[in-house]
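Comments concern the structure below.
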Amino acid sequence: MVDSRSCARDEAEPEVCTAISDMLARIGDKWSLLIVSTLGHSPLRFNELRRQISDISQKMLSSTLKVLERDGLVSRTVLPTVPPQVEYALTDLGRELLEPVNALAAWTAENTPRIMAARSEYEARTGSLAAG
């Protein structure tokens, strides 16, 4: 099995390492994870999705959805209405991604006190405020 450690040691196929890097960048992007998590509840039309992710611009939502569709994580369906409406849903692959995403969210919730304590300790030790 190829993983990020074998890529770091140049033990894997370059194409596989590129694919891993690309996907980690995709899911590490703030908007992609929010969109995948939001669509994990149910399919949504564009404006419903935008309302649920209040800070995202229309342009950013549109471009992120296109990339998620290209990667096979989201499907786009034009509904036969007047005017036409578009609905977005997770594909099987996108639903599979929810598992590690939810695990990461659970890990974060469980470890938030430790993370906050580490930040406070760092700031006290360095006398600076950490960005973010």
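What the table shows:
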| read-out | value |
| --- | --- |
| Any hit, segment 100-119, residues being basic (Lys, Arg), under 23 Å from the mean Cα position of the chain (by Cα) and surrounded by 12 or more Cβ atoms within 10 Å (Cβ to Cβ) | no |
| Counted residues, segment 78-125 - those being closer than 30 Å to Leu44 by Cα and not hydrophobic (A, V, I, L, M, F, W, C) | 17 |
| Residue match in segment 15-23 (condition: under 22 Å from Glu96 (Cβ atoms), modelled with pLDDT of 95 or more, surrounded by 13 or more Cβ atoms within 10 Å (Cβ to Cβ) and β-branched (Val, Ile, Thr)) | no |
| Yes/no for Arg50 being under 15 Å from Trp31 (Cα atoms) and in contact with a helix residue (DSSP H, G or I) (Cβ under 7 Å, 6 or more places away or on another chain) | yes |
| Count of residues meeting criterion [assigned to a helix (DSSP H, G or I) and either closer than 12 Å to Gly94 by Cβ or among the aromatic types (Phe, Trp, Tyr) (or both)] in segment 10-43 | 10 |
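This table checks each residue for (1) closer than 16 Å to Met23 by Cα; (2) basic (Lys, Arg); (3) in contact with a Lys or Arg (Cβ under 6 Å, 6 or more places away or on another chain); (4) in contact (Cβ under 8 Å) with a residue 12 or more places away in the chain.
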position	(1), (2), (3), (4)
Lys59	no, yes, no, no
Lys66	yes, yes, no, no
Gly94	yes, no, no, yes
Leu98	yes, no, no, yes
Asn111	no, no, no, no
Ala118	no, no, no, no
Tyr122	no, no, no, no
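The values are calculated or read from the model by the stated rules, or taken from the named source; none is laboratory data. Source: prediction; values computed, not measured. Please note: Cβ atoms are built from the backbone with ideal geometry, for glycine as well, and neighbour counts cover all protein chains shown.
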